[in-house]
Structure formats: structure tokens, C-alpha cells
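Below is one structure, written out as C-alpha cells; the observations come after it.
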Amino acid sequence: MEENQCIFCQIASGAIKSSIVYQDQNLLGILDINPATVGHVILMPRAHYNSLYEMPPPLSLGLLSIARAIGYALLLHMGSTNVDLIYSQELRQGNFTPHALIHIIPRYKDDNVNYAWQSRSLTEEEIAQISQSVIGAIEKVGNQEAPSTPPPPAQAPPPSPRPAPQPQEPKKEEKPLELKKKVVIF
């Protein structure tokens, strides 16, 4: 996608109005206009990158560092019990994001935000095989940067048949996180 057609580039340039909550030379943090919860922030590079993998490593590390700091500020001062940092080019099926960005979502009791997936149990053999595949993939990539057009995704191995999962005991309610520090440094 060309920069002049990217809605996030238009926001970064000021052509589209936004509610800015953080800005520096390289990054822009805005309130999401369709928030998952109160205080939902979108943090993005000012320059156009199709994905996090296209960004120069220092910029992507800066993005993650500032996302962490904003999340911590929201946790301390917005009354949330947790904060989710989400990077995905497709948050919901068919909702493609043409610009690298991170969603910073404060979580509140009974906020109805749900990331649903079907978890499955793996055998020790499957875990060992997948672990070796991931290690091999990391070694092949090393520190190289991604091309501007990512390669097609690798096909996942078909799931192996396994017995039906056994019912699990209900999870115990966890106490909210109590933090002692009160200062966030950007």
C-alpha cells in the first residue's frame, strides 16, 4: 500500500485528526477511535512500514520500549488490572492493518475483551519436534531484516490425532497485580 493511501500515514502526517497521547520524532501514540476498552492506545511508527518485520531493529525496539512504558502508565493510573500489548497484521479475520502498529489495551474487570482460540495439548514428542523447528527457523533468519513483501506463510503440519481433552478444574480467581513503583520513565 502506498503511504498516501494508508490511513495511519495520514494520521501521522496530521491529514486525519486524532487524539495524540504520545509523540516523538519516530513514533506516534493515539487513542483508538473504536477502542476495545477505555484508554486503548495505538502506537505506530511515523514512517510507513507494512509490518514490524520491515522496521529497522532500533526502531522496532523503540516501539516496544515505548509500548511497554505506555502500558505501565495505563496500569498505574487508569484503574486497569492488566494491559495487553498486541501486534498483529490481522486482529480479526478480514481486518487487515496496512501499517505496523501495536495496540495497547488496558484490561478491566468484566471488560468483555476476548481473544479466543482453541488450545490443544501436545505430547512430549510433539513439543520436542516443534521446539526444534522453531530453533531451526530462528537460526536460519538470524538478524536479517524482512523483505518489504513478506513470503507466503509456511504450511503448518497437520494436527496429530489425540484423545479428547479431559475436563479441567475451574481456575482459581487471581488477585489483581499490586505494583510498588509509581514512576514511568520514557
ASP32, sole failed condition from (1) touching a strand residue (DSSP E or B) at 6+ places or on another chain (Cβ under 8 Å); (2) open to solvent by 30 Å² or more (accessible area, probe 1.4 Å); (3) among the acidic types (Asp, Glu):
(2)
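Filter the range 57-88 down to residues that are assigned to a loop (DSSP other than H, G, I, E, B) and either within 17 Å of LEU28 (Cβ to Cβ) or at pLDDT 95 or above (or both), then give me how many there are.
Of the residues in the range 57-88, 1 are assigned to a loop (DSSP other than H, G, I, E, B) and either within 17 Å of LEU28 (Cβ to Cβ) or at pLDDT 95 or above (or both).
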With respect to ASN95, determine if the residue is surrounded by fewer than 17 Cβ atoms within 10 Å (Cβ to Cβ) and modelled with pLDDT of 90 or more.
no
Looking at the range 1-29, which of the residues that are among the hydroxyl-bearing types (Ser, Thr, Tyr) and over 15 Å from ILE102 (Cα atoms) is surrounded by the fewest Cβ atoms within 10 Å (Cβ to Cβ)?
SER19
I'm checking my understanding of the structure. Among residues of the range 35-56 that are open to solvent by 40 Å² or more (accessible area, probe 1.4 Å) and in a loop (DSSP other than H, G, I, E, B), which one is nearest to GLY142 (Cα to Cα)?
PRO56
All positions within the range 109-123 that are within 20 Å of THR37 (Cα to Cα) and not basic (Lys, Arg):
ASP110, ASP111, ASN112, VAL113, ASN114, TYR115, ALA116
With the requirement that a residue be hydrophobic (A, V, I, L, M, F, W, C) and surrounded by 22 or more Cβ atoms within 10 Å (Cβ to Cβ), what does the range 71-81 give you?
LEU74
Write out, first by first residue and then by second, each pair whose Cβ atoms fall under 8 Å of each other, whose residues are 6+ apart or on separate chains, and whose first residue, in the range 41-57, is within 21 Å of ILE105 (Cα to Cα) while the second is part of a loop (DSSP other than H, G, I, E, B) and hydroxyl-bearing (Ser, Thr, Tyr).
LEU52/TYR87
For the range 110-119, how many residues are in contact (Cβ under 8 Å) with a residue 40 or more places away in the chain and either within 18 Å of the chain's Cα centre (by Cα) or loosely packed, with under 10 Cβ neighbours inside 10 Å (or both)?
1
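Answer with yes or no whether ALA128 is open to solvent by less than 100 Å² (accessible area, probe 1.4 Å), under 30 Å from PRO35 (Cα atoms) and at pLDDT 70 or above. Steps first, answer last, please.
On the way: open to solvent by less than 100 Å² (accessible area, probe 1.4 Å): yes; under 30 Å from PRO35 (Cα atoms): no; at pLDDT 70 or above: yes.
So ALA128 fails the test.
The values are calculated or read from the model by the stated rules, or taken from the named source; none is laboratory data. Predicted model only: the values in this text are computed from it and were never measured. Please note: Cβ atoms are built from the backbone with ideal geometry, for glycine as well, and neighbour counts cover all protein chains shown. In case anyone asks, the SASA skips ligands and DNA or RNA and just uses the protein heavy atoms, side chains included. Shrake-Rupley method; radii C 1.70, N 1.55, O 1.52, S 1.80 Å.
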